[in-house]
1. So, in the range 40-70, of the ones that are aromatic (Phe, Trp, Tyr) and under 19 Å from residue 14 (Cβ atoms), which residue ends up nearest to the chain's Cα centre (by Cα)?
2. Of the residues 119, 94, 111, 85, which is over 16 Å from the mean Cα position of the chain (by Cα), surrounded by 15 or more Cβ atoms within 10 Å (Cβ to Cβ) and part of a helix (DSSP H, G or I)?
3. What number goes with the only condition from (1) surrounded by fewer than 18 Cβ atoms within 10 Å (Cβ to Cβ); (2) under 17 Å from residue 11 (Cβ atoms); (3) more than 11 Å from the chain's Cα centre (by Cα) that residue 73 does not pass?
4. Would you mind stating whether residue 30 is surrounded by 10 or more Cβ atoms within 10 Å (Cβ to Cβ) and polar (S, T, N, Q)?
5. Identify, by number, the condition in (1) loosely packed, with under 13 Cβ neighbours inside 10 Å; (2) of a type in the set (A, V, I, L, M, F, W, C); (3) outside any helix (DSSP H, G or I) that residue 20 doesn't meet.
6. Would you confirm, using the coordinates I've provided, whether residue 41 is out of contact with any Ser or Thr (no Cβ under 7 Å at 6 or more places or on another chain), crowded, with 16+ Cβ neighbours inside 10 Å and aliphatic (A, V, I, L, M)?
7. Which residue out of 68, 5 is surrounded by 14 or more Cβ atoms within 10 Å (Cβ to Cβ) and among the charged types (D, E, K, R)?
8. Residues that are farther than 13 Å from residue 123 by Cβ and among the basic types (Lys, Arg): does the range 74-94 have at least one?
Amino acid sequence: MKYLKPFLFVTDIGFILYWFITFFHLIPANAAFKDYDDPVVIAWNWSFLPLDILISISGLASLYLHKKKRPLWKSAALVSLVLTFCSGLQAIAFWLFSGDFDPLWWSFNLFLMIYPLYFIRFLLTDDTAVKDRFRAERL
C-alpha cells in the first residue's frame, strides 16, 4: 500500500489546484476542453466541484489517519478512491456521449478511473488473505 499514498496525495492536491485554476480562469483557451466557454458546459464542469472536493477531503484525511496509525484510514481511502473513479467516469461518459475526444482531458480522466481500481481491491480484501495469496503464488 506504500504506492497508494503518493497516488492519493497527487490526485487530491491536483483536484484542489484544478479548481483554483478554474476559479481564476487560468486555463488557456487552447488547453481547455471543447465548448469550455459554453454556459451549459461551464455548469456541467462546476457540478463536479462538490464531488472533487469531497474526494480531496477524504483522500487527505486517509493520509492523515494512516500517519496517526488509525484503522479508519482504509475507509477514508476507499471512499476517496470510489469517488475518484466516479468523477473520471462521469467526465468520460459526457465526452463520449457528446462525441468529443481530446487526448489531454481524456488521459486525465482515464487516470482517475483506472488507478483507483488497482487499490480498491486491496482495501476490500482482508490483509491476511492477501498475504496468504502472495505466499501461495511464490511457491
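The values are calculated or read from the model by the stated rules, or taken from the named source; none is laboratory data. This structure is a prediction, so every number in the text was calculated from the model and none was measured. Cβ atoms come from the backbone with ideal geometry, glycine included; neighbour counts cover every protein chain shown.
1. This residue is 48.
2. On inspection, the qualifying residue turns out to be 94.
3. Every listed condition holds for residue 73 apart from (1).
4. Against the criterion (surrounded by 10 or more Cβ atoms within 10 Å (Cβ to Cβ) and polar (S, T, N, Q)), residue 30 does not qualify.
5. (3)
6. yes
7. None of the other options fit; the residue is 5.
8. No, there is no match, as no residue in the range 74-94 is farther than 13 Å from residue 123 by Cβ and among the basic types (Lys, Arg).
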